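Q: I'd like to ask some things about the structure below.
The values are calculated or read from the model by the stated rules, or taken from the named source; none is laboratory data. This is a predicted model, so every value here is computed, not measured. Here Cβ is always computed from backbone atoms with ideal geometry, including for glycine, and neighbour counts include all displayed protein chains. Accessible surface areas use protein heavy atoms only, side chains included; no ligands, DNA or RNA. Shrake-Rupley method; radii C 1.70, N 1.55, O 1.52, S 1.80 Å.
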Amino acid sequence: MIVFINGPFGVGKTTVAKLLVRRMPHAMLYDPEIIGGVLNRTLQPFTKVEDFQDYTLWRRLVVGGARLSRTLSGRPLVVPMTIWKRHVFDYLVAGLLGADPDLSCFRLTVSREVLVSRISSDSEDREAYPWRTSHLDFSLKASQGPAFGREIPTEDRTPTEVADQILEYLPLHAGWSASR
């Protein structure tokens, strides 16, 4: 099983993903942003892109890494990632389906005002503030598109409540721990 959690920067994808990993037996967090960071450090001197998602290699590595993780470990993957470009999303979804046909895609949504407040109050990742705010409008717009996964509203909800709703949509959720 692969659970792909999409949504704008700062909406709470990683927080919810970590809760899901704790509550889904044997699940592991698979963060494509780590691959993007490595590519940026490696390729930036040679190839300038605004976003590591623009690297074709990033998309291939994300899919290849998911396939390898599923093949070698057999463990469920929880993948938090902001994808706002439809062609990138479609490529990743097709590749993830190839890695495991049991793929569920969710998109976390929230109002602009609440998102700005969450980004501003995030004391753990102050370095991400400029990136998140400069990409706010188009990542918010994409998070409204139903093609990007099943909508999970996050406004006025705790991360635990959001994780609970996602678990309700996943097969076999009845046997998963309510809290671990």
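Q: If I filter segment 1-8 for residues that are open to solvent by 20 Å² or more (accessible area, probe 1.4 Å) and at pLDDT 90 or above, do I get at least one hit? Before you say what the answer is, go through the steps one by one.
A: Within segment 1-8, the subset open to solvent by 20 Å² or more (accessible area, probe 1.4 Å) is 1.
Still in the running and at pLDDT 90 or above: 1.
Yes, segment 1-8 contains at least one residue that is open to solvent by 20 Å² or more (accessible area, probe 1.4 Å) and at pLDDT 90 or above.
Q: I'd like the full set of residues that are on the phi > 0 side of the Ramachandran plot, modelled with pLDDT of 90 or more and under 13 Å from the mean Cα position of the chain (by Cα), limited to segment 9-60.
A: Once the filter is applied, which keeps residues that are on the phi > 0 side of the Ramachandran plot, modelled with pLDDT of 90 or more and under 13 Å from the mean Cα position of the chain (by Cα), segment 9-60 yields only G12.
Q: If you scan segment 66-83, which residues turn out to be at pLDDT 95 or above and either at positive phi or within 15 Å of the chain's Cα centre (by Cα) (or both)?
A: A66, P76, L77, V78, V79, P80 - these are the residues of segment 66-83 that are at pLDDT 95 or above and either at positive phi or within 15 Å of the chain's Cα centre (by Cα) (or both).
Q: Exactly one of these conditions fails for A17: (1) part of a helix (DSSP H, G or I); (2) touching a helix residue (DSSP H, G or I) at 6+ places or on another chain (Cβ under 7 Å); (3) within 26 Å of R112 (Cα to Cα). Give me its number.
A: Unmet for A17, out of (1) part of a helix (DSSP H, G or I); (2) touching a helix residue (DSSP H, G or I) at 6+ places or on another chain (Cβ under 7 Å); (3) within 26 Å of R112 (Cα to Cα): (2).
Q: Name every residue in segment 82-94 that is in contact with a Lys or Arg (Cβ under 8 Å, 6 or more places away or on another chain) and open to solvent by less than 10 Å² (accessible area, probe 1.4 Å), in order of residue number.
A: Passing the criteria: T82, V88, L92.
Q: To continue, here is another question. Name the residues in segment 29-47 that are of a type outside the set (D, E), over 18 Å from P130 (Cβ atoms) and part of a loop (DSSP other than H, G, I, E, B), would you?
A: Y30, P45, F46, T47
Q: Would you please list the contacts, defined by Cβ atoms under 8 Å and residues six or more apart or on different chains, that run from a residue in segment 31-46 that is closer than 24 Å to G12 by Cβ and in contact (Cβ under 8 Å) with a residue 12 or more places away in the chain to a residue that is assigned to a helix (DSSP H, G or I) and open to solvent by 50 Å² or more (accessible area, probe 1.4 Å)?
A: Hits for this filter: D31/T14; I35/L61.
Q: What are the residue pairs meeting all of these: first residue in segment 145-172, first residue among the small types (G, A, S), second residue open to solvent by 60 Å² or more (accessible area, probe 1.4 Å), Cβ atoms under 7 Å, and 6 or more apart or on different chains?
A: From segment 145-172, the pairs are A147/R86.
Q: Please verify whether G145 is of a type outside the set (A, V, I, L, M), at pLDDT 95 or above and surrounded by 12 or more Cβ atoms within 10 Å (Cβ to Cβ), treating the condition exactly as stated.
A: No: the conditions fail for G145.
Q: Of all residues being out of contact with any Pro (no Cβ under 8 Å at 6 or more places or on another chain) and small (G, A, S) in segment 9-45, which is least open to solvent (accessible area, probe 1.4 Å)? Just the residue, please.
A: G36
Q: Right, here's the next one. Have a look at V79, V93, V88, V62 and point out the one that is touching an Asp or Glu at 6+ places or on another chain (Cβ under 9 Å), assigned to a helix (DSSP H, G or I) and touching a residue at least 24 places away in the same chain (Cβ under 8 Å). Reasoning before the result, please.
A: Working: V79 fails: assigned to a helix (DSSP H, G or I); V93 fails: touching an Asp or Glu at 6+ places or on another chain (Cβ under 9 Å); V62 fails: touching an Asp or Glu at 6+ places or on another chain (Cβ under 9 Å).
The unique qualifying residue is V88.
Q: Testing E50 on (1) assigned to a helix (DSSP H, G or I); (2) acidic (D, E); (3) over 26 Å from Q165 (Cα atoms), one condition comes back false. Which one is that?
A: E50 satisfies all of (1) assigned to a helix (DSSP H, G or I); (2) acidic (D, E); (3) over 26 Å from Q165 (Cα atoms) except (1).
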